[in-house]
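Participant: Below is the structure I would like to discuss, written out as structure tokens.
The values are calculated or read from the model by the stated rules, or taken from the named source; none is laboratory data. It should be emphasised that the depicted structure is a prediction, and the values quoted were computed from it without experimental measurement. Glycine also receives a Cβ, built like all others from the backbone with ideal geometry; neighbour counts cover every protein chain displayed. These area figures cover heavy atoms from the full protein model, side chains too; ligands, DNA and RNA do not enter into them. Shrake-Rupley method; radii C 1.70, N 1.55, O 1.52, S 1.80 Å.
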Amino acid sequence: MDFLQELYNKWLVIKPYTDTFSFQAVIATSYLIALLNSLRKALKEREYFSNFITITSVCVNYLLTALMMEYALEYVKNHNSAAGAQNVYVGFVIANSIMLLAMYRIHIVFSYRFNELFFKVSKLFLILTFSHLIIWIKFVVLDLQQEFAHIHYLYSFIVLYISLVLSFIMLFPDVLRTKFGCIVTISLPRDRHA
């Protein structure tokens, strides 16, 4: 429990003195590398277009949510209070929902094929969106700031885990065909021989 508390306090608590550089910068770098790698493969016609659309959608969403978090951090620094900035979580819910819908529509219009990466990313984003919604309801709707701290730690773990898994499967989409890929994406292996 102490480890989860440390993760939560280090990376996800918004305070007036929060440093904007964190582990999220490492994740953002891996997303950028995945996007550039996917673009390179797509130009050489060695990448499924579905994978390229999916990776691009995740990267655009990550950029949008990072900008929202930067705005929230600036708000906290300027107003010396995190209470108003907690609405950023509902912003994440909206951004994730729009990204999932847009990613689906872009696939329908341009790809006509949904690869394994699309389904895994969609599932992980649904879990992430639900987590953002739960933490927003706790903080803003129910106004429970310190109570039920285990929810904060669970939220911290889910966000970090999904961010890492997304970066991993976007860098190495072929891993989704293995049992390890099923395990890290919280899927049941279905007749995999790896």
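Participant: Tally time: how many residues in the stretch 125-146 are of a type in the set (Val, Ile, Thr), touching a residue at least 24 places away in the same chain (Cβ under 8 Å) and farther than 27 Å from residue 172 by Cβ?
Facilitator: Residues meeting the conditions: 2.
Participant: Which one is surrounded by the fewest Cβ atoms within 10 Å (Cβ to Cβ) among residues in the stretch 58-75 that are modelled with pLDDT of 90 or more and not hydrophobic (A, V, I, L, M, F, W, C)?
Facilitator: 62
Participant: Surrounded by 15 or more Cβ atoms within 10 Å (Cβ to Cβ), of a type in the set (Val, Ile, Thr) and part of a helix (DSSP H, G or I), is that true of residue 108?
Facilitator: For residue 108, the condition - surrounded by 15 or more Cβ atoms within 10 Å (Cβ to Cβ), of a type in the set (Val, Ile, Thr) and part of a helix (DSSP H, G or I) - is not met.
Participant: Take residue 48 and decide whether it is over 19 Å from residue 158 (Cα atoms), open to solvent by 30 Å² or more (accessible area, probe 1.4 Å) and in contact with a Gly (Cβ under 9 Å, 6 or more places away or on another chain).
Facilitator: In short, no.
Participant: Also: State yes or no: is residue 169 part of a helix (DSSP H, G or I) and within 20 Å of residue 29 (Cα to Cα)?
Facilitator: yes
Participant: What residue, among those in the stretch 176-194 that are buried (at least 19 other Cβ atoms within 10 Å of the Cβ) and in a helix (DSSP H, G or I), is modelled with the lowest pLDDT?
Facilitator: The selected residue is 181.
Participant: Tell me, yes or no, whether the stretch 57-65 has at least one residue that is within 22 Å of residue 30 (Cα to Cα) and touching a His at 6+ places or on another chain (Cβ under 6 Å).
Facilitator: The answer is no; no qualifying residue exists.
Participant: Go through (1) modelled with pLDDT under 90; (2) surrounded by 19 or more Cβ atoms within 10 Å (Cβ to Cβ); (3) closer than 27 Å to residue 186 by Cβ and name the single condition residue 99 misses.
Facilitator: Of (1) modelled with pLDDT under 90; (2) surrounded by 19 or more Cβ atoms within 10 Å (Cβ to Cβ); (3) closer than 27 Å to residue 186 by Cβ, only one is false for residue 99: (1).
Participant: Right, here's the next one. Hey, among 139, 130, which residue is assigned to a helix (DSSP H, G or I), open to solvent by 70 Å² or more (accessible area, probe 1.4 Å) and over 18 Å from residue 64 (Cβ atoms)?
Facilitator: Just a single option satisfies the conditions, and that option is 130.
Participant: Please list, ordered by first then second residue, the pairs with beta carbon atoms under 7 Å, 6 or more apart or interchain, first in the stretch 147-164 and under 23 Å from residue 31 (Cα atoms) and hydroxyl-bearing (Ser, Thr, Tyr), second at pLDDT below 85 and open to solvent by less than 10 Å² (accessible area, probe 1.4 Å).
Facilitator: Listed pairs, sorted by first residue: 163/27.
Participant: Within the bounds of the stretch 115-126, is there any residue that is in a helix (DSSP H, G or I), surrounded by 13 or more Cβ atoms within 10 Å (Cβ to Cβ) and more than 20 Å from the chain's Cα centre (by Cα)?
Facilitator: No, there is no match, as no residue in the stretch 115-126 is in a helix (DSSP H, G or I), surrounded by 13 or more Cβ atoms within 10 Å (Cβ to Cβ) and more than 20 Å from the chain's Cα centre (by Cα).
Participant: Only one of 90, 109, 159 is modelled with pLDDT of 85 or more, at negative phi and over 18 Å from the mean Cα position of the chain (by Cα); which?
Facilitator: Selected residue: 109, the only one of 90, 109, 159 that is modelled with pLDDT of 85 or more, at negative phi and over 18 Å from the mean Cα position of the chain (by Cα).
Participant: Taking residue 28, is it of a type in the set (Gly, Ala, Ser), modelled with pLDDT of 65 or more and either surrounded by fewer than 13 Cβ atoms within 10 Å (Cβ to Cβ) or closer than 19 Å to residue 156 by Cα (or both)?
Facilitator: Answer is yes for this residue.
Participant: Next question, about the same structure. Looking at 97, 122, 57 in this structure, which one is hydroxyl-bearing (Ser, Thr, Tyr) and in contact (Cβ under 8 Å) with a residue 40 or more places away in the chain?
Facilitator: After applying the criteria, what remains is 57.
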